[in-house]
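Engineer: Please see the structure below; I have some questions.
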Amino acid sequence: MFPIVEELLSHLALERLEDNLFRGPSRDIGTPQVYGGQVLGQALRAAQYTVEGRRIHSLHAYFLRRGDFNSPIIYEVDRSRDGGSFSARRVVAIQHGCPIFTLAASFQVEETGLEFQPSMPEVPAPGALSSVREYETRQLSQLPERFQRLMQFSAPFDLRPIDADAAGPVVDLRNCRRFWIKTVDRLPDDHDLHCAILAYVSDYGLLGTAVQPHGIHVLDGSLRMASIDHAMWFHRPYRIDEWLLCTYEAVSTSNGRGLARGSIFREDGTLIASTIQEGLMRVCKDEAVGSR
């Protein structure tokens, strides 16, 4: 397995301190605080460690305080309920004695039933597109160190933008973003792990889609963004080491907040997950939009 993928897996592996208490590592990826997807993925892992024979089908999370990437995070799990078909868990992420994040997650025994989903949009196949890594190779050395770390977030993933170069200047001002993604190496046959990694990566680019209609890029120095809440629904089985199509769209920007939603499909057109996120979104008046 590629070292960069092993690093991702170790980043999501938690140390069990007690039956319902876990500790996870943090790292600096160039954001002012802990990357939100890290806390989301680790909190889901903590909940999964307390559930047997059931799979995650939904989660709802709130980001309460900035996380410190210089310190580990403690995850406390409340085993709220274990019913005949569903299990509910509540997770609180704690740093320096304060809650920084909460997660409510629901797990279900697999069963058969009614089936419906919208069709996957027609898009170019991943093999016809260039990887975002090609842009990084050309431009990485020209960016400030903090932005270099931020762009290297995608290293464990093969990410192929469809409408525009997701890491470059905004050239497509529509309210959507679409890209193919998978890990750069094969992963263990562990459905829970694949769900945690999808939660981890779901925070990448989703909220940024909400600023596209305004012609602002997420790396603009005038823009201040932070996740407020994040929800996901897991519909059908998948593997994150096989191509997934992420289709994100802006829903609303108002009152200093932005909202975006996404649908995620397997390459065969199967809808495997839905997600929605709201975040703080402020443009500083004393800095010109577009400055870095």
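Engineer: If Lys and Arg each add +1 and Asp and Glu each add -1, what is the summed charge of the other residues whose beta carbon sits under 13 Å from the beta carbon of R16?
Structural biologist: Net charge in that neighbourhood comes out at -2.
Engineer: Roughly how many nanometres apart are two label points built 7 Å out from the Cα toward the Cβ at S58 and V251?
Structural biologist: Result: 1.3 nm between the two label points.
Engineer: So, one more: Which FRET efficiency value, to the nearest 0.05, is calculated for R16 and D189 with the Förster distance at 22 angstrom and r the Cβ-Cβ distance?
Structural biologist: 0.50
Engineer: Assuming 0.36 nm per residue, please report the length gained on full extension of the stretch R81 to D229 beyond their Cα-Cα distance.
Structural biologist: 51.0 nm is the gain from fully extending R81 to D229.
Engineer: Given a Förster distance of 35 Å, report the FRET efficiency between A88 and M1 from their Cβ-Cβ distance, rounded to the nearest 0.05.
Structural biologist: 0.55
Engineer: In addition: Taking neighbour Cβ counts within 10 Å as the exposure measure, how do E111, E267, E6 sort from fewest upward? Write down the numbers at each step before the final one.
Structural biologist: Working: E111 6, E267 15, E6 12.
In increasing order of surrounding Cβ atoms, one gets E111, E6, E267.
Engineer: With each label point set 7 Å from Cα along the Cα-Cβ vector, what nm distance links R27 and R174?
Structural biologist: Once both label points are built, they end up 3.4 nm from each other.
Engineer: Sort M120, M1 so that the residue with the fewest other Cβ atoms within 10 Å of its own Cβ comes first and the one with the most comes last.
Structural biologist: Final ranking by Cβ density, sparse to dense: M1, M120.
Readers should treat all values here as calculations from the given coordinates under stated rules, not as data from a laboratory. Just so it is clear, the structure is predicted and the values come from calculations on it, not from any experiment. Reconstructed Cβ throughout: ideal geometry from the backbone, glycine too, with neighbour counts over all protein chains shown.
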